[in-house]
Amino acid sequence: MKITVVKSYDELSEVASNILLDEIKKKPDTQVCLATGSSPTGMYAKFVEQVHNQEINVDDVLWTKLDEWIGIDLENKSSCEYYIKEHILDPLQIKESSYLAFNTNAEDMNQELTRIQKALKIRPLDVCILGIGVNGHLGLNEPAMSLEAFSHIVELDEKSKSHPMLASQNVSGGITLGLSEIMHAKKIIFLVSGISKKEMFHKFMEKEISTMNPSSLLWLHPNVELIVEEDIYN
Ligand code: GLP
């Protein structure tokens, strides 16, 4: 694991954006999985700015949604869909065919899971951007006695139900890529930002692998770039 300790959120965002840009320059049809929430917002803003300033062609990049809440509309401002549209798809004018995402409005959610599982089997992720939940979750893979390998529907932990992006709205569950789909990404960009993550981050740094702390599985991945703010690291 390559660990980069940064002084500020701004620096974290810049370092992370540069890593993603380098990957896309090397492989224009990179498949990128997008986390939502506060950790990657600055990274996405920098990325969009750099793509525009450097006139980088991202037409061949494929974008995947990491996870989604169940029980709120996709059009709702608190949905992961809305977030990804606002921060990546709209500013970069990404066409629909370049975006792979759970549709929580689908009539048959099992079919929806199969669709995503198949797509990722045919074409695994190249880069996966992850934040860490206050409870150690990755995507919406919550701490549990066992974890699921592939895309699945989850019951949410109380801590996840009070995630700030939900702004106190009620959700009934979540849907997320599974740990195998995440761990098969060729590179993981793991962002740790915000003082609320300090306790969980220090637990992560103990390097003890447990399904009760899904983030600890990242110690098994050969190519993780961890970027962490110094206030959290120290
Ligand atoms: C939510 C999001 C995840 C995100 C995580 C951490 O579960 N759906 O994609 O990685 O929370 O979010 P934040 O960075 O806001 O703490």
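The values are calculated or read from the model by the stated rules, or taken from the named source; none is laboratory data. Note that the structure is a prediction, hence the values are computed from the model and not measured. Cβ coordinates were reconstructed from backbone atoms using ideal geometry, including for glycine residues, and neighbour counts include every protein chain displayed.
Computed values, structure above
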{"read-out": "Unique match (being more than 30 Å from Val48 (Cβ to Cβ), buried (at least 17 other Cβ atoms within 10 Å of the Cβ) and more than 14 Å from the ligand (Cβ to nearest atom)) among Leu92, Leu120, Leu147", "value": "Leu147"}
{"read-out": "Enumeration of residues in the stretch 1-45 that are under 17 Å from Trp63 (Cα atoms), of a type in the set (D, E, K, R) and either in a helix (DSSP H, G or I) or modelled with pLDDT under 95 (or both)", "value": "Asp22, Glu23, Lys25, Lys26"}
{"read-out": "Hits in the stretch 157-182 (condition: modelled with pLDDT of 95 or more and crowded, with 19+ Cβ neighbours inside 10 Å)", "value": "Gly174, Ile175, Thr176, Leu177, Gly178, Leu179, Glu181, Ile182"}
{"read-out": "Only listed residue being farther than 16 Å from Pro143 by Cα, surrounded by 16 or more Cβ atoms within 10 Å (Cβ to Cβ) and not β-branched (Val, Ile, Thr), chosen from Ser193, Ser215", "value": "Ser193"}
